[in-house]
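The values are calculated or read from the model by the stated rules, or taken from the named source; none is laboratory data. Keep in mind that this is a model prediction, so the values were computed, not measured. Every residue, glycine among them, receives a Cβ derived from its backbone with ideal geometry; neighbour counts consider all protein chains shown. Each accessible area value is taken on the protein alone, full model and side chains, heavy atoms only, with ligands, DNA and RNA left out. Shrake-Rupley method; radii C 1.70, N 1.55, O 1.52, S 1.80 Å.
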Amino acid sequence: YQYRVLEDGTAEIMGYSGSDVNISIPSMIDGRKVTSIVKEAFKGLSNLKEVDIPNSVTSIGEYAFYKCKSLTSVTISNGVTSIGEYAFRDCKSLTPVTLPNSVTSIGCNAFDYGTKVIIK
């Protein structure tokens, strides 16, 4: 994972260069709490199939998983409060997505038309 450290000492995910098709975003990197996924962090990773987003992450940036065409499953934990515009757009293989009730903001076209979104 590529990341940067924020002023408050937390980290944000900026990208991924590994070859795993099923990934779990870490809640900690080098002793720093991971609190966000930035704009376009995973954009266009066509082999990515499953993503697990931990409780530590509060925001998913715009276009974060845009055009991840093989993405079939995303698990979004209770810490997430915002999902940016087009975050999961053009993820045509994505099965129903369950959002925790902690999500208070969903950007325009965050999901493809036809993707079933369930709020628990």
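Brief remarks follow.
- In this structure, residue 32 does not qualify as in contact with a strand residue (DSSP E or B) (Cβ under 7 Å, 6 or more places away or on another chain) and loosely packed, with under 14 Cβ neighbours inside 10 Å.
- Each residue in the range 106-120 was checked for being under 20 Å from residue 57 (Cα atoms) and surrounded by 14 or more Cβ atoms within 10 Å (Cβ to Cβ), and 5 pass.
- Any chance residue 4 is of a type in the set (Lys, Arg) and within 19 Å of residue 107 (Cβ to Cβ): no
- Taken over the range 1-23, residues that are within 19 Å of residue 68 (Cα to Cα), open to solvent by 70 Å² or more (accessible area, probe 1.4 Å) and not in a loop (DSSP other than H, G, I, E, B) amount to 3.
- Tabulated pairs, the range 18-33, first of a type in the set (Lys, Arg), second part of a strand (DSSP E or B) and modelled with pLDDT of 95 or more, C-beta under 6 angstrom, 6+ apart or interchain: 32/11
- Residue list for the range 46-93, restricted to those being out of contact with any Leu (no Cβ under 7 Å at 6 or more places or on another chain) and of a type in the set (D, E, K, R): 50, 52, 62, 67, 69, 85, 89, 90, 92
- Every residue from the range 54-105 that is within 16 Å of residue 116 (Cβ to Cβ), open to solvent by 30 Å² or more (accessible area, probe 1.4 Å) and in a loop (DSSP other than H, G, I, E, B): 72, 89, 92, 93, 95, 96
- Candidate set: the range 35-53, residues that are small (Gly, Ala, Ser) and touching a Ser or Thr at 6+ places or on another chain (Cβ under 7 Å); chosen: the one least open to solvent (accessible area, probe 1.4 Å): 36
- The set of residues in the range 64-81 that are under 11 Å from the mean Cα position of the chain (by Cα), among the polar types (S, T, N, Q) and over 13 Å from residue 23 (Cα atoms) contains only 77.
- Of all residues in the range 24-52, those satisfying the criterion of being among the basic types (Lys, Arg) and over 14 Å from residue 65 (Cβ atoms) are 32, 33.
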